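These notes are about the structure you will find just below.
No value in this document is a laboratory result; all are computed from the given coordinates. In this text, all values refer to a predicted model and were calculated from it rather than measured experimentally. Methodologically, a virtual Cβ is constructed for each residue, glycine included, from the backbone with ideal geometry; neighbour enumeration extends over all protein chains shown.
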Amino acid sequence: MLFKTLADPTRRAIFERLCRDGEQTVRALTARSGVSQPAVSKHLRVLKHAGLVRDRHEGRQTHYSPQLGALAPLIDWTSQMAGFWQRRFDHLEDLLKRMDR
Amino acid sequence: MNKESTETLSVVTEREMPHPPEKIWRALTQQPLIEEWLMKNDFEPRVDHRFKFRADWGEVDGQVLAVEPNKTLTYTWVAMGLESVVTWTLTPTSTGTHVRVEQTGFRPDQQRAYNGAKYGWQQFFAALEQVVARTD
């Protein structure tokens, strides 16, 4: 779901901007997104549904902030990379055995 | 961001292999051999050489940083917006070679790269896992 949610480049750009600059209103996000406010709002709803952003209402404005915790399952980088290299080492050893022949 | 996330991320994988360093060096540096255990590539063991590793799930861009034949090889590894450095170290032992690979990732305090990389790697690994599952 996170994967799918962030596959859209416009949505990803909105999420990146929130990560980079912190909490912002829909209006502020729209001003820099190059798409209409309804489109930005729609992307934000999808992001919220995925748990990637949280909204906060203040007067007539809605503020959105990134929820980096939602990304935690995605970023166990070291164990994933270690697994990658372990498998490659297996392949490398197979190759080295073949090179003897 | 928590304290740990301000450190450079690093992965070390090591293994003793009953083969001489010269032979392992060939497997690490010659295109047809690299393809057999890692990925399709246009690699050359020459400092500054830019290359790509290619697989069904995507590409890794790299540039050779250091070459010391039969001993060490260092290159950048850029995939899905995440830059890291891969260093191979071959150390002769009485029975063969100690092979060590260290991959050092971005510094997470570079927030933008970090945040970008978080889902970038997921794409990378999701695709990778599919490939691995198919080949098992």
Roughly how crowded by other chains is peptide B:10-23, in terms of the mean Cβ count from those chains within 10 Å of each of its Cβ atoms? 4
Shape parameters for segment B:8-103, alpha-carbon atoms, Rg then Dmax in Å: 13.1, 41
Could you work out the mean count of beta carbons from other protein chains within 10 Å of each residue's beta carbon in B:37-46? 2
Between B:HIS49 and residues 5 or more places away or on another chain, the pairs with built amide H atoms under 5 Å apart involve B:VAL64
Rank-order B:21-28, B:89-96, A:92-99 by packing density, defined as the average count of other C-beta atoms within 10 Å over each peptide's residues, highest first. B:21-28, A:92-99, B:89-96
Chain A - Kirkwood radius from inverse mean 1/r over Cα pairs (Å): 15.9 Å
Return one quarter of the surface area of the convex hull spanned by the alpha-carbon atoms of segment B:35-80, equal to its mean projected area, in nm². 3.3 nm²
